[in-house]
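All remarks here apply to the structure that follows.
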Amino acid sequence: TSTGEAPGTNRLEIVADRGRMVVESGRISFTRNEVPMNEFCATAPGRFTTPPVWNVEIPTEAGPGSHHAEILRNFADAILDGAALIAPGAEGIHSIELANAMLLSAFENRTIELPLDSAKYEECLQKKIAGSTFVKAEPNVSAVDDFSTSFAR
């Protein structure tokens, strides 16, 4: 995921054992594998076959909070006028926990249950840090930041 790309895209794609979900252009597409992929790969007669699937298209409408500017406006309205937040900060922990569980799942090549065992995740991160050979580059101090075109007007 990135906010530093141009021209950019607004797409979320999640692929798992039972299929793929794509959220893009005001709709949700779900392609469901009739047989879990792990099971299909173990029993498929050919190497380049795919499992049977069924597709579901779910139309949606962009609601409040669909863009950064709307989120920021809502945040200001909450401070100034007591408006209810579209994206309360306390809710952010759930997406972080899910992302951390996905990372731990990849690191350990196993399914991770939620809620995440934070001590286990921290232990895994510390092992990764200890074994890292990454060398951080010096920042470009001559860069000039111009945020004037960052938000739609």
Subset of the range 13-39 [among the acidic types (Asp, Glu) and in a strand (DSSP E or B)]: Glu13, Glu24
Every residue from the range 17-42 that is within 29 Å of Arg110 (Cα to Cα), in contact (Cβ under 8 Å) with a residue 12 or more places away in the chain and small (Gly, Ala, Ser): Gly19, Ser29
Tally of residues being closer than 19 Å to His68 by Cβ and under 16 Å from the mean Cα position of the chain (by Cα) across the range 82-98: 5
Meets criteria (part of a loop (DSSP other than H, G, I, E, B), within 30 Å of Ser25 (Cβ to Cβ), open to solvent by less than 100 Å² (accessible area, probe 1.4 Å) and at pLDDT 80 or above) for Ala78: no
Contacts under 7 angstrom Cβ, first residue in the range 99-119 being closer than 18 Å to Ile14 by Cα and without any contact (Cβ under 8 Å) to a residue 60 or more places away in the chain, partner of a type in the set (Ser, Thr, Tyr) and exposed (fewer than 10 other Cβ atoms within 10 Å of the Cβ), 6 or more apart: Ser105/Thr111
Subset of the range 101-117 [exposed (fewer than 11 other Cβ atoms within 10 Å of the Cβ) and among the hydroxyl-bearing types (Ser, Thr, Tyr)]: Thr111
Selection status of Ser132, among the hydroxyl-bearing types (Ser, Thr, Tyr) and part of a helix (DSSP H, G or I): no
Residue match in the range 48-62 (condition: open to solvent by 100 Å² or more (accessible area, probe 1.4 Å), among the acidic types (Asp, Glu) and over 18 Å from the mean Cα position of the chain (by Cα)): yes
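The values are calculated or read from the model by the stated rules, or taken from the named source; none is laboratory data. If you're wondering where the values come from, they're calculated on a predicted model, not measured in any experiment. Neighbour counts run over all protein chains shown; Cβ positions are idealised from the backbone, glycine included. The area values use the complete protein model at the heavy-atom level, side chains included, leaving out ligands, DNA and RNA. Shrake-Rupley method; radii C 1.70, N 1.55, O 1.52, S 1.80 Å.
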